[in-house]
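Peer 1: Sharing a structure, written as structure tokens. Questions coming.
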Amino acid sequence: MKIWTKKNSASTNKRIEAFTISKDLELDVFLAPYDILGSMAHTIMLEKCGLLETDELKSILTNCGSIYEEIIKKDLFVIEDGSEDVHSQVEWMLTQKLGDAGKKIHSGRSRNDQVLVDLKMYMRQQVREITELTHSLFQTLQQKSEKHKEDLLPGYTHLQIAMPSSFGLWFGAYAEALIDDVEVLKGAYKVVNKNPLGSGAGYGSSFPLDRNLTTQLLGFDTLNYNVVYSQITRGKTEGILLSAVANLAATIGKLAMDVCLYNSQNFGFIKLPEEMTTGSSIMPHKKNPDVAEVLRAKSNRLKALPNEVAFITSNLPSGYHRDLQITKEILMPAMDDIKECLSIADFMMANIEVSKDLLADKKYDLLFSVENVNQMVVEGTPFRDAYQKIGFEINEGNFTPNRSLNHTLAGSIGNLCNAEIATEMNELIASFHFKKVDNAFEKLLNWEV
Ligand code: ARG
């Protein structure tokens, strides 16, 4: 029996039921810890408003506490046959145990704001895990950059050799890219970190619910005030988070493409250790960089997801619609994918080997053309005249490269500014204040009635 089944109504056709539930039974399990925490905050607030007796609150909190423990410690939560989703399952479990007290918990609440608040807490945790994995990849790249700051690499424009670069710059570039990706993630975190609970079905409640209290209890920074807007955040928030994830995926995808290219024999700049490569069934010599290729493909797929959410939600008017449920099917697997990509990218980059003395090869002589021009400029020749002279030498075939590099410019081969970049990242990560959520949950789970 559904929580919404009435004594005198017909039950829903089984095929229709399975179709409308879709993947909820499997996916809602990931929302279960948040559904419990949300229920605890809601009941504490109901008691404060006089809608629940103190002893009822006490038994609800004790029961919620043990369900939460089971989920966290034993990874145990099942949505049983007959429950449509996590919200119905939790209410059913509490009603089985507590009778009337369990039935009272839904006062002033709807599954619409329940799923909203669960998802906000779920997404908040995902941003935290993604940020931590990104930080780890950042640190690996910075270490590699420092280690290989003296190892030169050809720089390209139009895929034509251009100017001297270095592995210090290459690794460091992707480290710094991750800062901007985390900046955008932080924007998503701000959007996610607002409490929609109390918006009910999307139009609030005639009970004098204290929304500031649940906001504080659940560790949110603020609330989505307008109850209609709270409901509109469904889908919008997922799209914003997936856009932030898409930026990160774009960085990983580009890095993976560089790895594929630089690892090719025709470039020969880097090598993956053998255990990171795969072979061919016919060509005995093959050591393929499949890891970078799969990273590239998975990252590119992630870039498409904000569009999928946009399509599902486009043309939906305000208010709840069951269409919104389907966005979970895009959001949740994407969170696992980006986390896996980050951790594999980290593993791959930590183990990459770089080739030494690449620029000693004569085929890279022309990379130094601007060095020769600049040397003449320093000695007093106007830039355009020096440019013409070196260009002429190149065309005549009598150019001799000036290989002594002396770059001091901030962010260049000779001055990577890795310490400044690390400070920026560390400050950015500290500004999320993740601990605030831990403290709120700790207090909630040990609430003294
Ligand atoms: N499983 C539903 C979802 O994700 C929960 C909300 C159901 N609300 C409703 N009015 N049917 O959207």
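Peer 1: Any residue that is in a helix (DSSP H, G or I), closer than 27 Å to Asn193 by Cα and touching a Pro at 6+ places or on another chain (Cβ under 7 Å) - is there at least one of those in region 30-40?
Peer 2: no
Peer 1: Within the group Val309, Val291, which residue is β-branched (Val, Ile, Thr) and within 16 Å of the ligand (Cβ to nearest atom)?
Peer 2: It is Val309.
Peer 1: Pick from region 18-29 the residues that are in contact (Cβ under 8 Å) with a residue 12 or more places away in the chain and part of a helix (DSSP H, G or I): which of them is surrounded by the fewest Cβ atoms within 10 Å (Cβ to Cβ)?
Peer 2: It comes out as Thr20.
Peer 1: Restricting attention to region 164-218, and to residues there that are of a type in the set (Ser, Thr, Tyr) and not in a helix (DSSP H, G or I), which single residue is nearest to Val354 (Cα to Cα)?
Peer 2: Step by step, filter region 164-218, then rank; the result is Ser166.
Peer 1: Taking the condition aliphatic (A, V, I, L, M), more than 18 Å from the chain's Cα centre (by Cα), assigned to a helix (DSSP H, G or I) and under 23 Å from Met335 (Cβ atoms), does Val127 pass?
Peer 2: no
Peer 1: Turning to a different aspect of this structure: If you go through region 329-361 one residue at a time, how many are touching a Lys or Arg at 6+ places or on another chain (Cβ under 7 Å) and in a helix (DSSP H, G or I)?
Peer 2: Result for region 329-361: 4.
Peer 1: Which members of region 229-250 meet the condition of being of a type outside the set (A, V, I, L, M) and surrounded by fewer than 24 Cβ atoms within 10 Å (Cβ to Cβ)?
Peer 2: Within region 229-250, Tyr229, Thr233, Gly235, Lys236, Thr237, Gly239, Ser243, Asn247 meet the criteria.
Peer 1: Oh, and also: Considering only region 255-286, how many residues are touching a residue at least 40 places away in the same chain (Cβ under 8 Å) and in a helix (DSSP H, G or I)?
Peer 2: Result for region 255-286: 5.
Yes or no, residue by residue, for (1) modelled with pLDDT under 95; (2) more than 20 Å from Met257 (Cβ to Cβ):
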site	(1), (2)
Glu275	yes, yes
Met283	yes, yes
Lys286	yes, no
Ala292	no, no
Leu295	no, no
Lys298	no, no
Lys303	no, no
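Peer 1: Is it true that Ala201 is among the hydrophobic types (A, V, I, L, M, F, W, C) and closer than 30 Å to Gly172 by Cβ?
Peer 2: no
Peer 1: Another question about this same structure. Show the residue pairs that are 6+ apart or on different chains and have beta-carbon atoms under 6 Å apart, the first residue being within region 65-78 and without any contact (Cβ under 8 Å) to a residue 24 or more places away in the chain, the second being assigned to a helix (DSSP H, G or I) and surrounded by 11 or more Cβ atoms within 10 Å (Cβ to Cβ).
Peer 2: Leu76/Glu70
Peer 1: OK, next. Scan region 418-446 and report the pairs whose first residue is in contact (Cβ under 8 Å) with a residue 24 or more places away in the chain and whose second residue is among the basic types (Lys, Arg) and part of a helix (DSSP H, G or I), with Cβ atoms within less than 8 Å and a gap of 6+ or a chain change.
Peer 2: What qualifies is Leu428/Lys186; Ser431/Lys186; Phe432/Arg128; Phe432/Lys186; Phe434/Arg128; Val437/Arg124; Val437/Arg128.
Peer 1: Out of region 311-328, which residues are touching a residue at least 60 places away in the same chain (Cβ under 8 Å) and assigned to a loop (DSSP other than H, G, I, E, B)?
Peer 2: Passing the criteria: Leu316, Ser318, Gly319, Tyr320.
Peer 1: Residues being part of a strand (DSSP E or B) and in contact with a Gly (Cβ under 6 Å, 6 or more places away or on another chain): count how many of those fall in region 148-163.
Peer 2: 2
Peer 1: List every residue pair whose Cβ atoms lie under 6 Å apart, where the two residues are 6 or more positions apart in sequence or sit on different chains, the first residue falls within region 118-133 and is at pLDDT 95 or above, and the second residue, located anywhere, is among the aromatic types (Phe, Trp, Tyr) and part of a helix (DSSP H, G or I).
Peer 2: Qualifying pairs under 6 Å: Asp118/Tyr34; Met121/Tyr34; Tyr122/Tyr34; Val127/Tyr189.
Peer 1: Helices (runs of 4 or more DSSP H) wholly in region 362-449 with at least 3 residues that are acidic (Asp, Glu) - which ones?
Peer 2: Correct list: 383-396, 418-430.
Peer 1: Hey, another quick one. Can you confirm whether region 151-163 contains a residue that is in contact (Cβ under 8 Å) with a residue 12 or more places away in the chain, within 15 Å of the ligand (Cβ to nearest atom) and in contact with a helix residue (DSSP H, G or I) (Cβ under 8 Å, 6 or more places away or on another chain)?
Peer 2: Among the residues of region 151-163, not one is in contact (Cβ under 8 Å) with a residue 12 or more places away in the chain, within 15 Å of the ligand (Cβ to nearest atom) and in contact with a helix residue (DSSP H, G or I) (Cβ under 8 Å, 6 or more places away or on another chain), which makes the answer no.
Peer 1: What number of residues within region 73-97 satisfy the criterion of being under 15 Å from Ser39 (Cβ atoms), away from the ligand (no atom under 16 Å from the Cβ) and aliphatic (A, V, I, L, M)?
Peer 2: So the answer is 2.
Peer 1: Residues of region 320-364 being within 14 Å of the ligand (Cβ to nearest atom) and exposed (fewer than 13 other Cβ atoms within 10 Å of the Cβ), which ones?
Peer 2: Arg322
Peer 1: Let me ask you something else. Mind telling me which of the residues Thr233, Thr237 ends up being touching a strand residue (DSSP E or B) at 6+ places or on another chain (Cβ under 8 Å) and either of a type in the set (Gly, Ala, Ser) or within 16 Å of the ligand (Cβ to nearest atom) (or both)?
Peer 2: Of Thr233, Thr237, the one residue that is touching a strand residue (DSSP E or B) at 6+ places or on another chain (Cβ under 8 Å) and either of a type in the set (Gly, Ala, Ser) or within 16 Å of the ligand (Cβ to nearest atom) (or both) is Thr233.
The values are calculated or read from the model by the stated rules, or taken from the named source; none is laboratory data. Every value quoted in this text rests on a predicted model; they were computed, and no experiment measured them. Using ideal geometry, Cβ is built from the backbone for each residue, glycine included, and neighbour counts are taken over all protein chains shown.
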